[in-house]
Amino acid sequence: MNRILIVDDLHPAFKEQAIAMGYQVDDEPQITRQQTLDKIKDYTGIAVRTKFRIDAEIFAAAPNLKFVARAGAGLDNIDDKIAFERNIELINAPEGNCDAVGEHATGLLLSLMNNFRRADIEIRNGVWDREGNRGYELKGKKVGIIGYGFMGQSFAKKLAGFEVDVMAYDKYKTGFSDAFAREVSMEEIVKHSDVLSLHIPLTAETRQMVDDEYFYHFKKPIFFINTARGEIVNTPAVLNAIKSGKILGAGLDVLQTEKFPALGEQAWYNELKNNDKVILTPHVGGWTFDSYRKISEVLAEKLSGLSF
């Protein structure tokens with residue numbers, strides 16, 4: 001019998017539907033990496049979210065592995081090169097959390113443009129400053145989206161009612177203009193954007209792509225949103241761009257270093273946390289109560305399409 005080891009916290013929908021397909025499923029969300037290494041040889045598939053990287057060591061210990069199911073959008077915590085060489089199927093579920101990411105990016109943008117965080121803190125501390133908290137309207141602004149996959153498309157759709165001009169650039173796609181965004185060059189993004197939002201995967205090419213030079217080319221001050229991957233963006237470059245006026249506000253759901261204590265040990269952390277033009281959330285853009293279920297449902301549907 002084909003066996004699946006679930007090593008992370010997945011909604012029960014995946015396990016239930018996999019069992020209905022005839023799989024034996026061991027649901028062990030508390031399992032450690034070492035325990036996984038000790039027993040993965042007996043499994044056809046492994047399902048993971050973010051607990052650990054599925055790397056050469058894991059693959060070497062799994063001679064019978066036929067697929068990896070990633071309960072999330074990206075595949076950057078899986079060594080896809082080894083998977084390809086061994087003909088191991090990789091399935092993920094960007095369809096399951098794209099709405100969550102689109103809504104989260106919209107929320108960050110509106111909060112930044114209207115100073116929600118700063119205004120809330122000031123009022124709680126006895127400060128009533130209307131002039132200092134005047135905001136900007138989205139209507140009429142030009143929003144630049146980098147990457148027009150599931151996440152970029154979702155963000156564009158959420159913006160549809162705001163009467164904005166949504167421009168999208170995707171290095172690996174052409175002819176994708178639709179009712180929600182128009183395809184443009186990178187030159188148009190940097191020349192016209194009032195808002196910049198990232199929706200690209202982490203790869204060797206995109207790692208630290210957004211740096212001081214990247215922001216230098218933008219012609220207008222921008223609101224900057226990152227709900228993609230933290231390692232794409234150099235955080236000191238964001239802080240530098242805020243100081244120079246290139247960035248009016250930054251909404252960061254992801255950071256190049258995440259979780260404590262590692263985050264608190266970064267040289268730039270204190271400046272980041274004390275900057276009232278930055279809103280931070282703990283990599284939860286795609287992790288809602290709703291997406292928790294939808295991701296597992298999407299994974300199960302894709303699992304049903306696999307053949308070995």
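Values computed for the structure shown
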{"quantity": "Selection within region 25-52 - open to solvent by 60 Å² or more (accessible area, probe 1.4 Å), under 25 Å from the mean Cα position of the chain (by Cα) and at pLDDT 95 or above", "calculated": "GLN30, THR32, ARG33"}
{"quantity": "Contacts under 9 angstrom Cβ, first residue in region 118-129 being touching a residue at least 24 places away in the same chain (Cβ under 8 Å), partner surrounded by 12 or more Cβ atoms within 10 Å (Cβ to Cβ) and of a type in the set (Lys, Arg), 6 or more apart", "calculated": "ARG118/LYS277"}
{"quantity": "Residue among ALA241, ALA237, ALA228, ALA267 that is more than 29 Å from LEU5 (Cβ to Cβ) and not in a helix (DSSP H, G or I)", "calculated": "ALA267"}
{"quantity": "Qualifying residue in region 243-257 (condition: outside the structural domain of GLN153 (by the TED database), among the acidic types (Asp, Glu) and either closer than 21 Å to VAL190 by Cβ or open to solvent by less than 80 Å² (accessible area, probe 1.4 Å) (or both))", "calculated": "no"}
{"quantity": "Count of region 270-288 residues which are assigned to a loop (DSSP other than H, G, I, E, B), touching a residue at least 12 places away in the same chain (Cβ under 8 Å) and not basic (Lys, Arg)", "calculated": "10"}
{"quantity": "Some residue of region 198-206 being among the hydrophobic types (A, V, I, L, M, F, W, C) and either free of Cβ contacts under 8 Å to residues at least 40 places away in the same chain or in a strand (DSSP E or B) (or both)", "calculated": "yes"}
{"quantity": "Inter-residue pairs, beta-carbon under 7 Å, first without any contact (Cβ under 8 Å) to a residue 40 or more places away in the chain and in the same structural domain as GLY45 (by the TED database) and in region 1-29, second open to solvent by less than 40 Å² (accessible area, probe 1.4 Å) and assigned to a loop (DSSP other than H, G, I, E, B), 6+ apart", "calculated": "GLU28/VAL7; PRO29/ASP8"}
{"quantity": "Checking GLY22 against (1) open to solvent by 70 Å² or more (accessible area, probe 1.4 Å); (2) at positive phi, the condition it does not meet", "calculated": "(1)"}
{"quantity": "Condition met for ALA179 (in a loop (DSSP other than H, G, I, E, B), within 21 Å of LEU109 (Cβ to Cβ) and either open to solvent by 70 Å² or more (accessible area, probe 1.4 Å) or among the hydroxyl-bearing types (Ser, Thr, Tyr) (or both))", "calculated": "yes"}
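Let's see how each residue does on (1) hydrophobic (A, V, I, L, M, F, W, C); (2) outside the structural domain of ILE295 (by the TED database); (3) surrounded by 14 or more Cβ atoms within 10 Å (Cβ to Cβ):
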| residue | (1), (2), (3) |
| --- | --- |
| PHE67 | yes, no, yes |
| LYS81 | no, no, no |
| ILE88 | yes, no, yes |
| ARG124 | no, yes, no |
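The values are calculated or read from the model by the stated rules, or taken from the named source; none is laboratory data. Everything numeric here is computed off the predicted structure, so don't read it as measured data. Methodologically, a virtual Cβ is constructed for each residue, glycine included, from the backbone with ideal geometry; neighbour enumeration extends over all protein chains shown. The protein model used for the area step is the full one, side chains on, heavy atoms only, and it has no ligands, DNA or RNA in it. Shrake-Rupley method; radii C 1.70, N 1.55, O 1.52, S 1.80 Å.
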